[in-house]
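Encoded as structure tokens, the structure appears first; notes follow it.
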Amino acid sequence: MQTALNHMTVPNLGYISFLDLAAKLGCVGVEVRNDISRPLFDKLDPAEAGRIASDKGLRLVGLSQVYPFNDWNPEREDAVKSLIATAKASGSETISLIPRNDGTALGNGERQANVRVALKGVLPLLQDAELTALVEPLGFQRSSLRSKIELVEMIASVGGEDHFKIVHDTFHHTLADGGPIFPEMTGIVHISAVVDPKLSVSQMEDEHRVLVDEHDRLGNIEQIASLLAAGYEGPVSYECFSPETHTLDDPYSEIKRSFDFISSRLQALAA
């Protein structure tokens, strides 16, 4: 299992400290974000930021994000162009596209049309840049794109298989009632746990997403094992939103303990 670290898991760390943590954890790469409470790359020039990561033996596996990508208009197009330019300058391998998540544009037919229009708008930009975009279905009932099946079909309908991949997020997969996995179309796997026994699945929110341990209710081990068994070879990246995780005194020890727990359970399943 190749591991990676999303800056959302430790948003209080500066960019260099974030890279150092990922390198110490043995990660293959990191995902950086433009939606946390610090400037992207801590205002470093993107090329310099990419060089620093490479010097530490890390890939920039993802650059987040454009939201809501499926409300396609000139402003959204400019945002995608800007993120692509930053990705190219920094050496980031992908950009991230997030669907509308506010309870609007949910109608059958409408939501598919909105995604298809956006994919058609983004595809030539990706082709020109020779870049991949990761599209993340969100499992919340209020999300305008919940289904991996629908997304994979819409990517195929615009001929975008070479430039669009999907995010398999273990949290959102559970909230969307599971369903098929698409290892050949998966560009990255996001992991996090929900451990609060009082929550129903419909009550689970980003703020409940913590590190994976034996109390995990999302089936992270089983989901990762299924993806790996089906041929997925990409990064498995920690993306936790909980304030509890964000304020850990020793994130290295806690994240390492969780990665070790996951690895041991995967080995036990494979035995």
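The values are calculated or read from the model by the stated rules, or taken from the named source; none is laboratory data. The structure displayed is predicted, hence computed values, not measured ones. Ideal geometry is used to build each Cβ from the backbone, glycine not excepted, and the neighbour counts take in all protein chains shown. Heads up: the accessible areas ignore ligands, DNA and RNA and are worked out on the full protein's heavy atoms, side chains in. Shrake-Rupley method; radii C 1.70, N 1.55, O 1.52, S 1.80 Å.
Quick look at the values:
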{"read-out": "Hits in the range 134-145 - residues which are of a type outside the set (Ser, Thr, Tyr) and touching a helix residue (DSSP H, G or I) at 6+ places or on another chain (Cβ under 8 Å)", "value": "VAL135, GLU136, PRO137, LEU138, GLY139, PHE140, GLN141, LEU145"}
{"read-out": "Counted residues, the range 119-157 - those being closer than 17 Å to VAL66 by Cβ and within 19 Å of the chain's Cα centre (by Cα)", "value": "16"}
{"read-out": "Test: residue in the range 96-108 that is open to solvent by less than 60 Å² (accessible area, probe 1.4 Å), among the polar types (S, T, N, Q), in contact (Cβ under 8 Å) with a residue 24 or more places away in the chain and under 28 Å from ASP250 (Cα atoms)", "value": "no"}
{"read-out": "Residues located in the range 52-84, provided they are part of a helix (DSSP H, G or I), open to solvent by 30 Å² or more (accessible area, probe 1.4 Å) and free of Cβ contacts under 8 Å to residues at least 40 places away in the same chain", "value": "SER54, ASP55, PRO74, GLU75, ASP78, ALA79, SER82"}
{"read-out": "Residues within the range 179-201 that are in contact with a Leu (Cβ under 8 Å, 6 or more places away or on another chain), open to solvent by 10 Å² or more (accessible area, probe 1.4 Å) and either among the hydrophobic types (A, V, I, L, M, F, W, C) or part of a helix (DSSP H, G or I) (or both), tallied", "value": "3"}
{"read-out": "Only one of ALA118, ALA133 that is part of a helix (DSSP H, G or I) and without any contact (Cβ under 8 Å) to a residue 60 or more places away in the chain", "value": "ALA118"}
{"read-out": "Residue that is within 20 Å of the chain's Cα centre (by Cα) and more than 28 Å from GLN127 (Cα to Cα), where the choices are ASP102, ASP42, ASP35", "value": "ASP102"}
{"read-out": "Pair list, Cβ < 9 Å and 6+ apart or interchain, from the range 147-165 residues that are closer than 16 Å to TYR232 by Cβ and among the basic types (Lys, Arg) to residues that are open to solvent by less than 40 Å² (accessible area, probe 1.4 Å) and part of a loop (DSSP other than H, G, I, E, B)", "value": "LYS148/PRO137; LYS148/ALA176; LYS148/PHE182; LYS165/GLY234"}
{"read-out": "Residue list for the range 142-169, restricted to those being open to solvent by less than 10 Å² (accessible area, probe 1.4 Å) and outside any strand (DSSP E or B)", "value": "SER143, SER144, LEU145, LEU151, MET154, ILE155, GLY160"}
{"read-out": "Residue check, VAL30 in contact with a strand residue (DSSP E or B) (Cβ under 9 Å, 6 or more places away or on another chain), over 20 Å from TYR238 (Cβ atoms) and among the β-branched types (Val, Ile, Thr)", "value": "no"}
{"read-out": "Only one of ALA23, ALA47 that is open to solvent by 30 Å² or more (accessible area, probe 1.4 Å) and either under 27 Å from SER226 (Cα atoms) or not aliphatic (A, V, I, L, M) (or both)", "value": "ALA23"}
{"read-out": "Residue that is farthest from ILE98 (Cα to Cα) [pool: residues in the range 2-25 that are touching a residue at least 60 places away in the same chain (Cβ under 8 Å) and over 18 Å from the mean Cα position of the chain (by Cα)]", "value": "LYS24"}
{"read-out": "Members of the range 114-141 that are over 18 Å from THR94 (Cα atoms), open to solvent by 10 Å² or more (accessible area, probe 1.4 Å), touching a Lys or Arg at 6+ places or on another chain (Cβ under 9 Å) and of a type outside the set (A, V, I, L, M, F, W, C)", "value": "ASN114"}
{"read-out": "The range 226-259: number of residues that are more than 16 Å from ASN6 (Cβ to Cβ) and open to solvent by less than 30 Å² (accessible area, probe 1.4 Å)", "value": "2"}
